[in-house]
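> Below is one structure. I have some questions about it.
Only the coordinates and a few stated rules stand behind these numbers; no lab work does. Please read these numbers as outputs of a predicted model, since none were measured by experiment. Cβ atoms come from the backbone with ideal geometry, glycine included; neighbour counts cover every protein chain shown.
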Amino acid sequence: MLQTLKDLFDSLLAPGTQVAALPAHSLQLATAVLLVEVMRADTELQDSERDAVLATLRSRFELSDDESARLLELAHSTQRQASDLHSFTSALNERLDHAQKVQVLEAMWQVAYADGHLAAHENHVLWRVADLLHVPHGAYINAKMRAKAASGG
């Protein structure tokens, strides 16, 4: 698995490589980028939010600590270079069913609540992503409530 992620990183860092060109790994990267987008939406990067992203990547994709950290690093650089979220949400829309998309949103909410408060920009990012993933408002709110309850908030 480590070699596979290394190959992914190497190929993504090559000039002219598109995320969509790597179908086997685009789901992982797209999810990681969305988690990073929420993490970076807050005015300060908190260790608790970073830890929540790493925990989600480890559990959702069955990655080692090192693989999760490398995927997070790649997601940071990819997110900084991206002009919008459409390519990432499109990759998820192509491969995930409704329940899986709601799980991604819930993980994003968990990142947003990891530092103990919800910033307005985090809320806006999540609303935008839910819309791009075609998640109905009720499912969006339920995911938010489950994440808030899990955070103790």
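> Can you put 151, 77, 26 in order, fewest other beta carbons within 10 Å first? Walk me through the numbers before you get to the answer.
Details: 151 18, 77 14, 26 22.
Starting with the residue having the fewest Cβ neighbours, the order is 77, 151, 26.
> How would you rank 96, 105, going from fewest to most other Cβ atoms within 10 Å of each one's own Cβ?
On the way: 96 17, 105 24.
If I rank by nearby Cβ atoms, fewest first, I get 96, 105.
> Work through the residues other than residue 118 whose Cβ is under 12 Å from its Cβ and net out their charges, Lys, Arg +1 and Asp, Glu -1.
-2
> Residue by residue through the range 43-52, what is 3J(HN,Hα) from phi via Karplus (6.51 cos²θ - 1.76 cosθ + 1.60, θ = phi - 60°)? Round to whole Hz and write x for glycine and proline.
Rounded to whole hertz, the list is 5, 10, 7, 9, 4, 5, 5, 4, 4, 5.
> For the range 26-151, just say rounded, prolate or oblate: build the C-alpha gyration tensor, square-root its eigenvalues into a ≥ b ≥ c, call rounded for a/c under 1.5, and beyond that prolate if a/b exceeds b/c, oblate if not. Working shown, then result.
Values: a/c = 1.29, a/b = 1.08, b/c = 1.20.
Verdict is rounded for the range 26-151.
> Just to check I understand the Karplus step: with θ = phi - 60° and J = 6.51 cos²θ - 1.76 cosθ + 1.60, what whole-Hz values come out for the range 109-124, glycine and proline as x?
For the range 109-124, the Karplus-derived couplings read 4, 4, 5, 4, 8, 4, 8, x, 8, 10, 7, 4, 5, 4, 4, 5 Hz, x marking Gly and Pro.
> Once you keep just the Cα pairs under 8 angstrom separated by 6 or more residues, what percentage relative contact order results for the range 26-151?
35
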